[in-house]
Amino acid sequence: MGDGTSETKSSNQMWGGRFAQGPAAIMEEINASIGFDKKLFAQDIRGSIAHATMLAHQGIISADDKDKIVHGLDTILSEIESGQFEFSRRLEDIHMNIEARLATLIGPAAGRLHTARSRNDQVALDFRLWVKEELQKCEGMLTGLIAAFLDRAEEHAETVMPGFTHLQTAQPVTFGHHCMAYVEMFGRDRARVRHAIEHMDESPIGAAALAGTGFPIDRHMTARALGFREPTRNSIDTVSDRDFALEFLSIASICAVHLSRLAEEIVIWSTPQFGFVRLSDAFSTGSSIMPQKKNPDAAELVRAKTGRINGSLIALLTVMKGLPLAYSKDMQEDKEQVFDSAESLELAIAAMTGMVRDITIRADRMKAAAGSGYSTATDLADWLVREAGLPFRDAHHVTGRAVALAEQKACELAELSLADLQAIHPDITDKVFGVLTVEASVASRTSFGGTAPSEVRKQIAWWRTRN
């Protein structure tokens, strides 16, 4: 999208008398953005209607010209939505395609629409409107994903599973608690989305090319008409700012990382070696040669899209990093990355929401694994501190000896005899066996935000009031 400080001269030469010849084929190819910025047609038309309405209200154009412009723009919107509109690469971008068609429909009045604006503030408006709408869509989708996790957490508040650090069995937790970890992650993503909407809720239109305009426009009027909180406050920054696009890509990247972590767990959990979950046919595929296979392709593709989204963030950061104020043509390269990432993120969230709701939890396999790897060792150490009065470091040492003995005997901690345990430390009593089961372990973790079923249910209830 080019500098909008000039008027349209003809359908293939829009820069006026300064240029004697039209662009060469290569220049036309590199300059054109209609192949991707046509996605902004609805925002462009909406912004133009608001701008024309304001111009008429301020007496800058006549009411009759405004009515012609609005009717023509409504006609163009219908043509585009019905697939009848013919986009032209010779007209460079969405703005000039719409303006040229408007001139055909209503004649000279179309030329008045560009009064007191530039393509610089026009594209800033269109793109900002599009990103704002996309963020609102993501907010709704994240709310749906959070709701899916809350339902599964409630269903499995008491389902015991192993908790991991370093992908090694650490302590027993509940699957409900594990689900709530993702609620927290995606809750932060949704909070970032909401903050970004608030942050970017300023209207660019009226900044013109970079210096504002001498026409008596009312930027507050157009801001209200377009659903913005207020107009931007510096015309130079307005046309050169793409922070809103970078913020969207940053949010998308962080969210994609969370989705990828979830995808990785689903991939691991669905293996025969773990067997914690069973994938539905809706989100898995078979093998062309191995009939027994059920591959977690949807999860794997979500995991892969993270690289694509992260790459878009780096690409736009690199485009923007060396640009002097104000507008530069480099900024035409801002849209494809955002459009692609938005599509990828929407698809990934939708796929994960479907998988979370659709997946079968194998509670028996989770419980069997929860007690492996001496996962209740910390409970033994805590018991020694609480009941035998040992300093934790001493209790840790005693517990380590108990684990070594269990390994030697090829049994679990709870299967050691009282005599075995008292040989390690004489103050151990038979009451210790009450804390060595995985159910007792998780039930005891009642600290705020802990894995105890009672605490998990409290957190579910709290999140339901915020959802």
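Ranked by solvent-accessible area (1.4 Å probe, protein heavy atoms only, all chains present), the residues His396, His177 order from largest to smallest as His396, His177. Which part of the range 381-421 falls in the paramagnetic zone of Ser447, meaning amide N under 15 Å from the point 7 Å along Cα-to-beta-carbon? Flagged as within label range: 381-383, 385-386, 392-393. Rg ratio for the chain: its Cα radius of gyration over 2.2 N^0.38 Å, N being its residue count, equals 1.35. Near Phe85, the amide H atoms lying under 5 Å from its own belong to Ile80; only residues 5 or more places off or on other chains count, and H is placed 1.01 Å from N. In the full protein context, the chain carries 46 Å² of accessible surface per residue, based on a 1.4 Å probe and ignoring ligands, DNA and RNA. Every pair of different Cα atoms in the range 323-420 enters the Kirkwood calculation, which places the hydrodynamic radius at 19.0 Å. Cys411 contributes an accessible area of around 20 Å² to the protein surface, as traced by a 1.4 Å probe with all chains present. Using a probe of 1.4 Å, the accessible surface attributed to Arg90 totals some 120 Å² when neighbouring protein chains are kept in position. Using a cut-off of under 19 Å, list every residue of the range 97-126 whose amide N is near the label point 7 Å from the Cα of Ser62 along the Cα-to-beta-carbon line. Residues 103-116 fall inside that zone. Length, then width, then depth: along the principal axes, the Cα atoms of the range 119-363 run 71, 38, 31 Å. Can you list residues whose amide H is under 5 Å from Val173's amide H, if they're 5+ apart or on another chain and H is modeled 1.01 Å from N? Residues meeting the amide H criterion: Met161, Gly163.
Residues whose amide H falls under 5 Å from that of Asn295, counting only those 5 or more places apart or on a different chain, are Thr285, Gly286, with hydrogens built in the peptide plane.
Computed over the range 369-465, the range of Cα coordinates on each principal axis works out to 52, 29, 21 Å, biggest value leading. Within the accessible surface of the range 369-465, defined with a 1.4 Å probe on protein heavy atoms only, the carbon and sulfur portion equals 56 percent. Highest mean packing comes first when the peptides 430-437, 363-370 are listed by Cβ atoms within 10 Å, giving 363-370, 430-437.
Expressed as a whole percent, the accessible area of the range 119-363 that falls on carbon and sulfur atoms is 54 (1.4 Å probe).
The values are calculated or read from the model by the stated rules, or taken from the named source; none is laboratory data. Everything quoted here is computed from the prediction, not taken from an experiment. Don't worry about glycine lacking a Cβ; one is built from the backbone with ideal geometry, like all the others, and counts go over all protein chains shown. Note: areas computed on protein heavy atoms with side chains; ligands, DNA, RNA excluded. Shrake-Rupley method; radii C 1.70, N 1.55, O 1.52, S 1.80 Å.
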